[in-house]
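Undergrad: Please read through the structure below; I'll follow up with questions.
The values are calculated or read from the model by the stated rules, or taken from the named source; none is laboratory data. Computed from a prediction, not measured in an experiment: that's the story for all the values here. Ideal geometry is used to build each Cβ from the backbone, glycine not excepted, and the neighbour counts take in all protein chains shown.
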Amino acid sequence: MRNLSTFSIGTAAVLVAAGCGYSAPYRASSPSFSDKGVQVGLAGIRCYVNRGADTYTETTEEDQAGLDVRLQISNVSDQVAEVSEGRIRLAETDVPAGKAVAPARSTVIALLPGETMQVPLSFTPAGVADCRHNFELQFSNSVEMDGSPVGLTPIDFRAKL
């Protein structure tokens, strides 16, 4: 009886995981440093696919990828840095003319001098049905100090195939 319940729990876990798709491993470029003392890097990436009607078939047009990113942001300056999550953009670099998307939430975070924090963001890239894509996080005007934008280079991350 005990083996049957263990088998049932294991089967249920596999079915739940199959319904959510899979997670792809990624390689990321170096963290982005600004000359004003702000550093942004990737602390974690999770891509998953919400499957359409049949979870056991190949990827279809009904499937939609989701991307959860955890940023690690450090402020080593002597000023407060304001991070506007809604201004961060995710672009799919496999489709250069594609539209960059904003994260699901849009708050402003004050990062005190000497502070480091992790910021979770969720994206739903338009038209992306699997996790085997190359992406870029763009930070244009997303970080400000004393009312001036902080220049940060994009961070690329690529699916390991």
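Undergrad: For the range 123-145, check the following and say yes or no: at least one residue is within 20 Å of residue 25 (Cβ to Cβ), of a type in the set (A, V, I, L, M) and assigned to a strand (DSSP E or B).
TA: First, the residues of the range 123-145 that are within 20 Å of residue 25 (Cβ to Cβ): 123, 125, 128-137.
With of a type in the set (A, V, I, L, M) added as a condition, the list becomes 128-129, 137.
Right, trim to assigned to a strand (DSSP E or B) and you get 137.
Yes, the conditions are met somewhere in the range 123-145.
Undergrad: Name the single residue that is modelled with the lowest pLDDT among those in the range 53-72 being more than 26 Å from residue 120 (Cα to Cα) and surrounded by 14 or more Cβ atoms within 10 Å (Cβ to Cβ).
TA: 59
Undergrad: Let me ask another. Can you tell me which residue is nearest to residue 143 (Cα to Cα) among those in the range 77-105 that are β-branched (Val, Ile, Thr) and not in a loop (DSSP other than H, G, I, E, B)?
TA: Going through the qualifying residues, I end up with 83.
Undergrad: While we're on this one: If you check 114, 98, 127, which single one turns out to be closer than 29 Å to residue 78 by Cα and without any contact (Cβ under 8 Å) to a residue 40 or more places away in the chain?
TA: On inspection, the qualifying residue turns out to be 114.
Undergrad: Out of the residues in the range 122-153 meeting the condition of being within 15 Å of the chain's Cα centre (by Cα) and surrounded by 19 or more Cβ atoms within 10 Å (Cβ to Cβ), tell me which one is modelled with the lowest pLDDT.
TA: 128
Undergrad: So, one more: Could you list all residues from the range 106-121 that are more than 15 Å from residue 39 (Cα to Cα) and either assigned to a loop (DSSP other than H, G, I, E, B) or within 13 Å of the chain's Cα centre (by Cα) (or both)?
TA: Listed by number, the residues that qualify are 106, 107, 120, 121.
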